1. Of K195/K336; K91/K190; K82/K236, which ones are farther than 32 Å apart at the Cα?
2. Taking the Cβ-Cβ separation of E79 and S293 as r and a Förster radius of 51 Å, what is the calculated FRET efficiency to the nearest 0.05?
3. What is the distance, in nm, between label points placed 7 Å from the Cα along the Cα-to-Cβ direction at T174 and at S301?
4. Taking every pair of alpha-carbon atoms in region 295-340, give the share separated by more than 14 Å as a whole percent.
5. Mind giving me the FRET efficiency for K246 and K139? R0 is 56 Å, r the Cβ-Cβ distance, nearest 0.05 is fine.
6. Find how much the distance from S276 to T206 grows on full extension, using 0.36 nm per residue of separation minus their present alpha carbon separation; answer in nm with one decimal.
7. Taking the solvent-accessible surface of protein heavy atoms with a 1.4 Å probe, what is the per residue accessible area of region 155-288 in Å²?
8. In a shell of Cβ-Cβ distance under 9 Å around T182, excluding T182 itself, what net charge do Lys and Arg (+1) and Asp and Glu (-1) give?
Amino acid sequence: MDNNIFNFNNKEEEKNPVGRPRLADSKTKKKSLIIAGCSFLFVILLLVFGYGTLFGFKNMNLKGLINKTDSSEKNVLVEEIKPLIKNVTLKVDTARKVYLTVLPANASDKTISYESLNPKIAQVDENGKVTALKEGEAKIVAKTTDGSDLSTTFSIKVIKNATGYCEFTSLTKTRSGISYATECNNAKIKEIQYKIGDGKYEKLLTKKASDDVDLSSDQLDSDITFKVVYYPNNSKITDYETKTIKKNKKTTKAPSGSCTLDIVEVNKNSARYDISCSNASVSKIAYKIGNGSYVGLDPSSLADTIIFEESDVTRMIYFNVSYVIDGTDRINTVTKSSIIEKSN
């Protein structure tokens, strides 16, 4: 036998022993890994986009996510700011917010800064809430903060926060109807109304502070309620006061009674009053100087001296007394005035 052939077969047997598989080379390994990786990625994408509902990805939009990540929103500047109400009236110690129209609606930053040019009259916070401090006028400046450099102003007028009212001083039945009288303090009557029993209110044609209203006998035999609607403190917001006469109330002659008022002495800074009553009791005492508002006094003090500041002009002082005649609910009033000489 040829020795070379023998030797060759021995080498082959050494390289590939019986029962041992041939190992893949490095190129084959890389190729297998690439194929396996691509197959795995394909399976994942199939699960996500083909069967995504199983994993909560039903609404997943890869394209939208990519566009959102790659794109940036444009910065839209404010082009106009305009007050909804430019002229605002406030009472002392009250507050309200001022409002602006900011355009365009899709502006990126609508933040507004506020500043009061007269903070002693009215102050404003970062939200546009204005607080009135004392009588006078102030300007509130509103500015944009987005770089558009726009501004506008609000005109604030602060007025005295005085209270006002109207009330019925008397409401009595007569043979032909109802006689009423009202009294107003720092207020203006809007209208007078009345209703019979639980019916609806009817508006009188008159706005008189006192008058007589004709009613039928059947109406007079029911509860009758009168209402005075008024504007307090010269405002545009109404308020009202009511008074009721119950049915079957006697219309016989009312008990007599009265109160008298005397201004005993008036000096440059003081005035003394004296009240005397017969079959009546005082329910209210008040005074005012000039065109000022009435100041209430203790109704139990039927004689007293009030003190006020001297003035270099001649003024008038007024005293007003309301009283109720004993045995009735009728209120009567008496008013007197006197001159206050000016200081030298």
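The values are calculated or read from the model by the stated rules, or taken from the named source; none is laboratory data. None of these values were measured; they are calculated from a predicted model. Every residue, glycine as well, gets a Cβ built from its backbone with ideal geometry; the counts of neighbours run over all protein chains shown. For accessibility, only protein heavy atoms count, side chains too; no ligands or nucleic acids. Shrake-Rupley method; radii C 1.70, N 1.55, O 1.52, S 1.80 Å.
1. Those over the limit are K195/K336.
2. Values: r = 48 Å, r/R0 = 0.95.
With R0 = 51 Å, the Cβ-Cβ based efficiency is 0.60.
3. 3.9 nm
4. Of all Cα-Cα pairs in region 295-340, 64 percent lie more than 14 Å apart.
5. Result of the calculation: an efficiency of 0.50.
6. In short, 21.7 nm is gained.
7. 58 Å²
8. Around T182, the surrounding residues sum to -2.
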